[in-house]
Amino acid sequence: MTFGGGWRGAVLAGALLLVACGGHAGAATAGSAVGGHAAAPQATASATSAGDWPRFDYNAQRTGVGPSSTGITAANVGSLAVRTVQLDGTVDSSAIELHSILVAGRRRDVIIVTTTYGKTIALDPGSGAKLWEFVPGDIGGYQGSAQVTTATPIADPDRRYVYAASPDGFIHKLTVAGGRQVWARRITFDPSKEKIASALNFNGGAVIAVTGGYYGDAPVYQGHLVTIDARTGRIRHVWNSLCSQIHHLINPPSSCSQSDSAIWARAGAVVEPGSGRLLVATGNGDFNGSTDWGDSVLELSADGARLLHNWTPTDQASLNANDTDLGSTAPALLPTTGGYRLAVQGGKDGKLHLLNLNRLNGTRGGAGGRLGGEVSEISAPGGEVFTAPVVWSHGGQRYVFVATDGGTAAYALRTAGHPHLSIQWHNGTPGTSPVLAGGLLYVYDEVNGSLNVYDPTSGHALASLAAAGGHWNSPIAVGGRVILPVGNYMSHATSGQLEIYHLPGR
């Protein structure tokens with residue numbers, strides 16, 4: 001793909017040698033951009049609202065709603081220029097961005113991404129220049145193989161550190177200024193079967209990571225949630241979705257012969273505002289209402305130590321038998337409405353289930369074997385849901401935006417009679433996890449190769465920007481730029497690219 005005149009980022013000389021802790025080594029180097037194009041000369045930028053996009057879907061609640069102002073509007077979105085940055089890895093997830101960070105001697109905005117083989121790369125979005133790159137020390141053992149990660153990294157609230165995953169089962173704490181590793185913590189004993197697929201989250205001074213399985217669900221593995229002390233790297237708690245009576249990392253099959261119940265949705269763990277409780281959804285696996293929790297929505301305590309409540313659909317056994325993972329997507333939180341604390345749960349069943357968090361299984365009791373209890377349900381656009389919905393409050397209305405490989409749709413929350421969703425608009429254009437920022441809805445069509453921008457209330461298409469194809473990748477929009485990694489982890493590629501759609505001067 002060509003987007004106009006060429007450019008080359010300035011070389012940042014030198015290298016940083018890292019000494020890892022936690023028994024895992026890696027290295028960071030400073031370097032140059034390795035290719036790209038800019039479609040417009042550098043010029044004075046339009047008025048932009050600078051800020052951070054620190055994690056997948058912007059906030060701990062995973063609403064997918066970013067800054068209210070980005071400088072990008074319905075009037076100028078169609079004229080964004082494109083800067084294509086070549087990477088030495090494929091980013092099958094999303095980027096994060098921090099504003100005005102001191103790197104290489106000056107303050108600048110910084111994009112941070114993690115590749116499928118665990119390289120974490122910092123880039124200058126204004127030029128595409130590589131600022132530093134962290135490389136796991138054991139990357140040679142899995143690079144080019146099917147052992148990958150598709151987890152989006154997360155910035156510490158202090159903006160000095162970033163946390164990232166690697167396919168060997170480790171979470172790494174890195175300095176934002178130079179990519180130096182502070183600690184590394186193992187969260188699985190069998191990374192060849194337990195995959196860190198979901199985005200990391202952060203709550204109460206802890207990094208939250210979850211694990212799932214690989215394509216084909218080769219046994220034995222157990223989906224689990226781990227909370228890691230952000231300062232020390234010590235594991236605080238482990239919660240296993242199979243053999244949940246075990247409260248530490250399982251070394252299968254010695255202590256648990258049950259397999260699957262992956263936690264693999266793009267959003268990973270969702271943090272409830274106020275209480276800090278955690279919500280996850282599990283995939284195919286056994287369910288017994290006591291120790292095994294396959295195909296369920298689970299509410300955990302804020303520290304991730306205890307299961308509080310569950311919603312398990314009445315057809316759980318059928319979902320499990322037919323590879324119809326409920327947990328192909330995570331719960332999406334709606335604002336409290338009419339006394340209801342609501343969440344939307346999609347899945348491979350092609351439905352959107354509206355749940356009341358006060359009565360997840362229809363009762364106020366604790367977790368157990370009771371099935372059903374949802375408030376209402378409606379069909380998802382185009383079938384199976386693998387994406388994270390956007391939840392947006394605007395003009396007194398609550399909207400839910402969902403994209404699948406079969407279409408994109410907006411739903412409005414109605415409360416007459418009982419809470420339910422109704423379709424506001426719908427189209428047949430595929431999409432990955434959408435985001436909303438500056439009053440615009442951004443949806444990446446990974447099938448046909450385009451970044452589509454909509455008016456969120458009407459569904460009117462405002463722009464369709466050319467992009468390469470992809471898989472789980474999703475955009476962010478902040479500071480006069482839309483940042484979109486492209487590519488597919490299943491290609492096993494060791495190179496890839498990042499598209500930066502930008503206002504002049506950005």
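The values are calculated or read from the model by the stated rules, or taken from the named source; none is laboratory data. If you're wondering where the values come from, they're calculated on a predicted model, not measured in any experiment. Cβ: placed from backbone, ideal geometry, glycine included. Neighbour counts: every protein chain shown.
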Problem set entry | Residues (more than 22 Å from L174 (Cβ to Cβ) and in contact with an Asp or Glu (Cβ under 7 Å, 6 or more places away or on another chain)) located in the stretch 224-251 | H237, L242
For this session: Only one of these is without any contact (Cβ under 8 Å) to a residue 40 or more places away in the chain, surrounded by fewer than 22 Cβ atoms within 10 Å (Cβ to Cβ) and within 26 Å of the chain's Cα centre (by Cα): G396, G407. Name it.
Result: G407
Seminar exercise, completed: Filtering the stretch 329-354 for residues that are touching a strand residue (DSSP E or B) at 6+ places or on another chain (Cβ under 7 Å) and at pLDDT below 95 leaves a count of 4
Exercise. Just wondering, is there one or more residues in the stretch 168-175 that are among the hydroxyl-bearing types (S, T, Y) and in a loop (DSSP other than H, G, I, E, B)?
Worked result: no
Seminar exercise, completed: Taking the stretch 365-395 and keeping residues of a type in the set (V, I, T) and in contact with a Pro (Cβ under 7 Å, 6 or more places away or on another chain) leaves V375, V390
For this session: Take the stretch 425-453 and flag every residue that is farther than 20 Å from R62 by Cβ and part of a strand (DSSP E or B).
Result: W425, H426, N427, D445, S450, L451, N452, V453
For this session: Tally the residues that are under 20 Å from L413 (Cβ atoms) and surrounded by fewer than 18 Cβ atoms within 10 Å (Cβ to Cβ), restricting the search to the stretch 426-440.
Result: 2
Exercise. Only one of these conditions is not met by A206: (1) in contact with an Asp or Glu (Cβ under 7 Å, 6 or more places away or on another chain); (2) among the aliphatic types (A, V, I, L, M); (3) under 24 Å from L484 (Cα atoms). Which number is it?
Worked result: (3)
Exercise. Taking R160 and the conditions (1) surrounded by 24 or more Cβ atoms within 10 Å (Cβ to Cβ); (2) closer than 19 Å to I121 by Cα, which numbered condition does it fall short on, given that it satisfies the others?
Worked result: (1)
Exercise. Restricted to the stretch 59-105, and to residues that are in a loop (DSSP other than H, G, I, E, B), aliphatic (A, V, I, L, M) and in contact (Cβ under 8 Å) with a residue 24 or more places away in the chain, which residue is farthest from S145 (Cα to Cα)?
Worked result: A74
For this session: Go through the residues of the stretch 248-261 one by one and say whether even a single one is farther than 30 Å from V103 by Cβ, of a type in the set (A, V, I, L, M) and either over 20 Å from the mean Cα position of the chain (by Cα) or crowded, with 24+ Cβ neighbours inside 10 Å (or both).
Result: yes
For this session: With the checklist (1) surrounded by fewer than 16 Cβ atoms within 10 Å (Cβ to Cβ); (2) farther than 23 Å from T314 by Cβ in hand, flag the one item G366 doesn't pass.
Result: (2)
Exercise. Of all residues in the stretch 106-120 being in contact (Cβ under 8 Å) with a residue 12 or more places away in the chain and in a strand (DSSP E or B), which is surrounded by the fewest Cβ atoms within 10 Å (Cβ to Cβ)?
Worked result: R108
Seminar exercise, completed: Scanning the stretch 189-206 for residues that are over 17 Å from A146 (Cα atoms) and surrounded by 23 or more Cβ atoms within 10 Å (Cβ to Cβ), the one farthest from the chain's Cα centre (by Cα) turns out to be N201
Exercise. Looking at the stretch 44-67, which of the residues that are more than 18 Å from the chain's Cα centre (by Cα) and either modelled with pLDDT of 95 or more or among the hydrophobic types (A, V, I, L, M, F, W, C) (or both) is nearest to I208 (Cα to Cα)?
Worked result: A50
Exercise. From the set of residues in the stretch 293-351 that are assigned to a helix (DSSP H, G or I), without any contact (Cβ under 8 Å) to a residue 40 or more places away in the chain and not aliphatic (A, V, I, L, M), which is surrounded by the most Cβ atoms within 10 Å (Cβ to Cβ)?
Worked result: N320
Problem set entry | Unique residue being more than 22 Å from the chain's Cα centre (by Cα), at negative phi, small (G, A, S) and surrounded by fewer than 24 Cβ atoms within 10 Å (Cβ to Cβ) when the list is S79, S100 | S79
For this session: Just need a number here: residues in the stretch 132-157 that are assigned to a loop (DSSP other than H, G, I, E, B), at negative phi and out of contact with any helix residue (DSSP H, G or I) (no Cβ under 7 Å at 6 or more places or on another chain).
Result: 13
